[in-house]
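> Sharing a structure below in structure tokens format, with a few things to ask.
The values are calculated or read from the model by the stated rules, or taken from the named source; none is laboratory data. Just so it is clear, the model here is predicted, and its values are computed rather than measured. Here the Cβ is made from the backbone with ideal geometry for all residues, glycine too, and neighbour counts use every protein chain on show.
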Amino acid sequence: MDTEAAPVIRPRAATRALRRHGDLLTLAALLVLVFAAMSWWVPSGRFLRLANFEGQSFVAPELGLLAVATMAAMLTGGIDLSLIGVANLAGILAGLLFHWVAGVSRGPELAGLALPWVAAGVGCALLVGALAGVLNGLLIARLRITPILATIGTGQAFTGLALVLTGGPAIVGFPSGWQALGGGTPGGVAAPLWVLLGCALGVGVLLSRTVWGRTLTLIGSGARAAEFAGLRTVRATVLSYVLTGVLAAVAGVLLSARTNAAKSDYGTSYLLQAILVAVLAGTNPAGGRGSVPAVLLALCTLMLLSSGFQLMRFSNFLVDFIWGATLLGAMALGAVLRRGR
């Protein structure tokens, strides 16, 4: 009697799969380790309370969007240090639009503004992010300005423009529909978390399933070789910064919706943390390597650490030192591993 042959697991295939998903497995193990450590160290079981994780689900998506944007910029060997400026400017211009439509200078009267105007505010914020991305992309791809210098300059310009528009104080008061984006719970899940998952899925598909996404990886691996291969590197680079700008604008929408305010200096600590999440996820700062799922795992790990530090009442200065040291350690370890390969 003929019997079907048992499936054979080929060692080479298993090795290739392990290499492909090794970073994800490492990050998953690190996430479990951090969760176990915080559960043990934080006294009175406060870390394991459901309210703690629910609170993080409203805050983490803002950092997650910025981290995904940072990873996308690093794919080409660049970086976007203007993300916070873009996020705040997007939220401020949306707030000014609402105040202009309602004809008031105070926030409480804006709560009942119609949903079409809320959608217009979202569109305004996204347009700001896209235009900021075009500016960054042209400076870097066309004028050949070093990404770190170009985006530092534009970031300062965006922050300065936000200060001019507001005069310094925060714009307080947004429509209730806008606030629902940062504080609603559709399906029992925080609305910002839905936004993060949707954006992460879209960016993941763009980077892994499209010609443009593969072009970004090739540019990061070797920009000159990509040009000789006939790839449209300038267009691809500009579009990558348009993507980072739009993601920063979405983060600005969520931040202003959660706090019901927008100001030029909100979220300044996010920049270092976004870079840390991207590097911790295995993104190569020199370009050519990055993964959206890895960024999400690294984000969860960092948020668990941050939550544990807050519950243990760590000094903010000590936390900043830990983030900086972790960033240096992750970059050094990544360089050693790449050299080993």
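> Out of LEU48, LEU81, report the one residue that is touching a Ser or Thr at 6+ places or on another chain (Cβ under 8 Å) and under 30 Å from THR233 (Cβ atoms).
Selected residue: LEU81, the only one of LEU48, LEU81 that is touching a Ser or Thr at 6+ places or on another chain (Cβ under 8 Å) and under 30 Å from THR233 (Cβ atoms).
> Would you pick out the residues in region 182-196 that are in contact with a Ser or Thr (Cβ under 6 Å, 6 or more places away or on another chain) and either part of a helix (DSSP H, G or I) or acidic (Asp, Glu) (or both)?
Passing the criteria: only LEU193.
> Let me ask another. For region 242-300, which residues satisfy the criterion of being of a type outside the set (A, V, I, L, M) and under 15 Å from VAL195 (Cβ atoms)?
Within region 242-300, GLY252, SER256, ARG258 meet the criteria.
> From the residues in region 221-242 that are over 17 Å from LEU138 (Cα atoms) and in a helix (DSSP H, G or I), which one is farthest from the chain's Cα centre (by Cα)?
In this case the residue turns out to be PHE228.
> How about region 225-248: which of its residues are of a type in the set (Gly, Ala, Ser), within 11 Å of THR215 (Cα to Cα) and at pLDDT 90 or above?
ALA236, SER240 - these are the residues of region 225-248 that are of a type in the set (Gly, Ala, Ser), within 11 Å of THR215 (Cα to Cα) and at pLDDT 90 or above.
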